[in-house]
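Chemist: Sharing a structure below in structure tokens format, with a few things to ask.
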Amino acid sequence: MRPAQALIDLEALRHNYRLARKLGGGKALAVIKADAYGHGAVACARALEQDADGFGVACIEEALELRRAGITRPILLLEGFFDAAELPLIVEHDLWTAVASPWQVEAIAAFVSAAPLQLWLKLDSGMHRLGLTLEEFRAAHARLSALPQVAPMVLMSHLARADELDSPRTLEQLAMFERAIAGLEGETSLCNSPALLGWPQLRSDWVRPGLMLYGADPLYPQAGPHAGELRPVMTLQSRVIAVREIATGEPLGYGARFVAPRPTRVGVVAMGYADGYPQFAPNGTPVLIDGVDGALIGRVSMDMLTVDLTDHPRAGVGSLVQLWGDSPTLSELAPRCNTSAYRLPCSLKRTPRVYLQQQPS
């Protein structure tokens, strides 16, 4: 069996969720969209269900997968509904939904429901993606609050640059949000992972941790005060399947991107970009070889990559190679590969996930 694996530490996931909720000081919606950032949404939801105040997903398809798996906690559709025909399903499966466009307000007003709808009304405070303008937001709150099929709402917005601790945009968005919600009834939700880790002056009734749940620091390389408290959840690893000796001046792999500066002992590892490892990770990208610091050499191919075993005389076929985890971390690896810590685990495809901690019974 091919040795590539993604080990998922569910106890680390629970630790990171508890940290997020502690920092937020209120309730925390665990964001497990995109298959829990590549970690497996159902397994992560089951691991968190005893702790989590609710879950956030992108769309109704993701929510229904969780309901079919027996998840009973609240689930919020962060992108809302895409068609009024989804509203009966939202009621049937007891889902919460964001409301970010005037047409959604009209669809809700026209919808007859025996059960109250749990709505999260979204303001565009400066992200300029989804959300209502300040005037639309206040008008929508007034209209929806008067409807018998609408329960008390959560008032939300999304921060665009909270991972930049020197940017004034976050406080500008906070000021806009405070203007929009002034005098309105409802709990609030503003803080994402970087806000929780780097902006203690921003707090809300509900926080929405995403990347930090999985142990990656969205503030890296800035020195956030809580970075050391996060625990990596995923360890991506494989094994050496062949060893080659190449002479000084010999090229290695596609495009001859690595040319041996000395007689070089090369380990071929069963891991490639079809598994989710970045294709253009540069020479010298850190790995662990049998627990010892090592380096990638040569271009990553679809199914294999190569590492330098010259200074690892005991390593050989079967040696364990760690691509990310506690070292290198996702946050450290991503900028080296001109990508983000969000994208790396989401890119996992055929690599099987192995769960190290069973969810609490």
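The values are calculated or read from the model by the stated rules, or taken from the named source; none is laboratory data. All values reported here derive from a predicted model rather than from experimental measurement. Reconstructed Cβ throughout: ideal geometry from the backbone, glycine too, with neighbour counts over all protein chains shown.
Chemist: Can we say Tyr254 is hydroxyl-bearing (Ser, Thr, Tyr) and closer than 18 Å to Ala6 by Cβ? Step through it out loud before you land on a result.
Modeler: Numbers: hydroxyl-bearing (Ser, Thr, Tyr): yes; closer than 18 Å to Ala6 by Cβ: no.
No, not satisfied.
Chemist: I need a count of the residues in region 105-133 that are in a helix (DSSP H, G or I) and surrounded by fewer than 16 Cβ atoms within 10 Å (Cβ to Cβ). Give the derivation first.
Modeler: Our first condition is that a residue be in a helix (DSSP H, G or I); within region 105-133, this holds for 105-109.
Imposing the further condition that a residue be surrounded by fewer than 16 Cβ atoms within 10 Å (Cβ to Cβ) reduces the set to 106, 109.
Final tally of qualifying residues: 2.
Chemist: Can you pull out the residues in region 62-93 that are part of a loop (DSSP other than H, G, I, E, B), surrounded by 14 or more Cβ atoms within 10 Å (Cβ to Cβ) and among the charged types (D, E, K, R)?
Modeler: Taking region 62-93 as the starting set, the residues that turn out to be part of a loop (DSSP other than H, G, I, E, B) are 69-74, 78-83, 93.
Then drop every residue that is not surrounded by 14 or more Cβ atoms within 10 Å (Cβ to Cβ), which leaves 71, 73-74, 78-81, 93.
Once the filter is applied, which keeps residues that are part of a loop (DSSP other than H, G, I, E, B), surrounded by 14 or more Cβ atoms within 10 Å (Cβ to Cβ) and among the charged types (D, E, K, R), region 62-93 yields Arg73, Glu79.
Per-residue answers, yes or no, for (1) polar (S, T, N, Q); (2) farther than 14 Å from Arg336 by Cα; (3) assigned to a strand (DSSP E or B); (4) touching a residue at least 40 places away in the same chain (Cβ under 8 Å):
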| site | (1), (2), (3), (4) |
| --- | --- |
| Tyr273 | no, yes, no, no |
| Pro278 | no, no, no, yes |
| Asn283 | yes, no, no, no |
| Arg314 | no, yes, no, no |
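Chemist: Now a separate question. Which residue out of Pro225, Pro221, Pro194, Pro200 is in the same structural domain as Gly126 (by TED's automatic domain parsing) and part of a loop (DSSP other than H, G, I, E, B)? Explain how you work it out, then say what you get.
Modeler: On the way: Pro225 fails: in the same structural domain as Gly126 (by TED's automatic domain parsing); Pro221 fails: in the same structural domain as Gly126 (by TED's automatic domain parsing); Pro194 fails: part of a loop (DSSP other than H, G, I, E, B).
Answer to the check: Pro200.
Chemist: Something else: How many residues are part of a loop (DSSP other than H, G, I, E, B) and loosely packed, with under 13 Cβ neighbours inside 10 Å if we restrict to region 134-148?
Modeler: Start the filter on region 134-148 by keeping residues that are part of a loop (DSSP other than H, G, I, E, B), which leaves 146-148.
From what's left, loosely packed, with under 13 Cβ neighbours inside 10 Å: 146, 148.
The number of residues fulfilling the criteria is 2.
Chemist: Kindly list the number of the only condition in (1) surrounded by 21 or more Cβ atoms within 10 Å (Cβ to Cβ); (2) touching a strand residue (DSSP E or B) at 6+ places or on another chain (Cβ under 7 Å); (3) in contact (Cβ under 8 Å) with a residue 40 or more places away in the chain; (4) of a type outside the set (A, V, I, L, M, F, W, C) that fails for Ser193.
Modeler: Exception for Ser193: condition (2).
Chemist: Which of the residues that make up region 3-44 are of a type in the set (S, T, N, Q) and assigned to a helix (DSSP H, G or I)?
Modeler: Asn16, the sole residue that qualifies.
Chemist: Within region 336-357, is even one residue buried (at least 17 other Cβ atoms within 10 Å of the Cβ) and farther than 30 Å from Pro194 by Cβ?
Modeler: no
Chemist: So the check is Cβ under 6 Å with 6+ separation or different chains; which pairs have a first residue in region 325-347 that's part of a helix (DSSP H, G or I) and a second one that's of a type in the set (S, T, N, Q)?
Modeler: Ala334/Ser340; Arg336/Thr285
Chemist: Okay, next question. Taking into account only those residues within region 296-326 that are buried (at least 18 other Cβ atoms within 10 Å of the Cβ) and small (Gly, Ala, Ser), which is farthest from Ala242 (Cα to Cα)?
Modeler: Only one residue fits best here, namely Gly325.
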